[in-house]
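Structure record follows, encoded as structure tokens.
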Amino acid sequence: MPATIQDFDAYLNRTGKYGRVQRQKLLYAVQHFSVYCDGGFLAFDSPCFADKLGPVFPDLGKNRKGNPANLDARQKWLCDAVLKEIGHLSGKALADRSHKLYPEWQLARNRGNKRIYYRDIRQNLTPFLAF
């Protein structure tokens with residue numbers, strides 16, 4: 001069974017130090033980085049929407065416990081790379097960063113349904129904005 005968004009969240013937040021906004025933004029960074037590093041593949045299958053604070057995954061709010069052991073070595077590496085680079089940022093700083101670095105967020109905000117599509121991430125991806 002493939003790893004779920006809850007599994008990724010459990011791995012990222014295994015210390016329990018991240019708040020709701022931080023967790024959403026870190027998960028989006030993992031998703032974005034996966035598209036860049038893994039030949040355009042998403043890390044997990046979960047719809048993403050453009051909220052006023054940046055990208056959000058409604059599935060994260062569902063009461064399902066994740067298991068970090070469900071991630072393979074590559075998935076853990078993606079998470080660790082994101083945490084190393086931006087894991088120290090506050091929720092507000094991560095939200096501000098989302099607004100500046102993810103053009104697909106703005107595209108979705110301007111669209112009626114606010115869904116961030118995989119194709120939008122792929123089209124706007126550059127090596128310097130991998131996550």
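Looking only at region 12-45, count every residue that is assigned to a loop (DSSP other than H, G, I, E, B) and among the hydroxyl-bearing types (Ser, Thr, Tyr) and tell me the total. Residues meeting the conditions: 2.
Of the set (1) more than 30 Å from Gly112 (Cβ to Cβ); (2) within 13 Å of the chain's Cα centre (by Cα); (3) without any contact (Cβ under 8 Å) to a residue 60 or more places away in the chain, all apply to Thr15 but (2).
Given the criteria of a type in the set (Ser, Thr, Tyr), under 19 Å from Leu125 (Cβ atoms) and within 14 Å of the chain's Cα centre (by Cα), does Tyr36 qualify? In short, yes. Leu101 meets the conditions (1) surrounded by 15 or more Cβ atoms within 10 Å (Cβ to Cβ); (2) in contact (Cβ under 8 Å) with a residue 60 or more places away in the chain in every case but one. The failed one is (2).
In region 42-59, the residues that are free of Cβ contacts under 8 Å to residues at least 40 places away in the same chain reach residues that are surrounded by 15 or more Cβ atoms within 10 Å (Cβ to Cβ) and in a strand (DSSP E or B) with C-beta atoms within less than 9 angstrom, at least six apart or across chains, in these pairs: Val56/Cys48; Val56/Phe49; Val56/Ala50; Pro58/Cys48; Pro58/Phe49. With respect to (1) within 26 Å of Asp96 (Cβ to Cβ); (2) small (Gly, Ala, Ser); (3) free of Cβ contacts under 8 Å to residues at least 12 places away in the same chain, the lone exception for Gly39 is condition (1).
Looking at Ala73, is it without any contact (Cβ under 8 Å) to a residue 24 or more places away in the chain and either of a type in the set (A, V, I, L, M, F, W, C) or touching a Gly at 6+ places or on another chain (Cβ under 9 Å) (or both)? In short, yes. The criterion of at least 1 residues that are under 15 Å from the mean Cα position of the chain (by Cα) and over 19 Å from Phe8 (Cβ atoms) is met, among helices (runs of 4 or more DSSP H) falling completely within region 51-131, by 91-101, 103-110, 118-123.
Just so you know, all these numbers are worked out from the coordinates, no wet-lab data involved. It should be emphasised that the depicted structure is a prediction, and the values quoted were computed from it without experimental measurement. In this analysis, Cβ positions are derived from the backbone assuming ideal geometry, glycine residues included, and neighbour counts consider all displayed protein chains.
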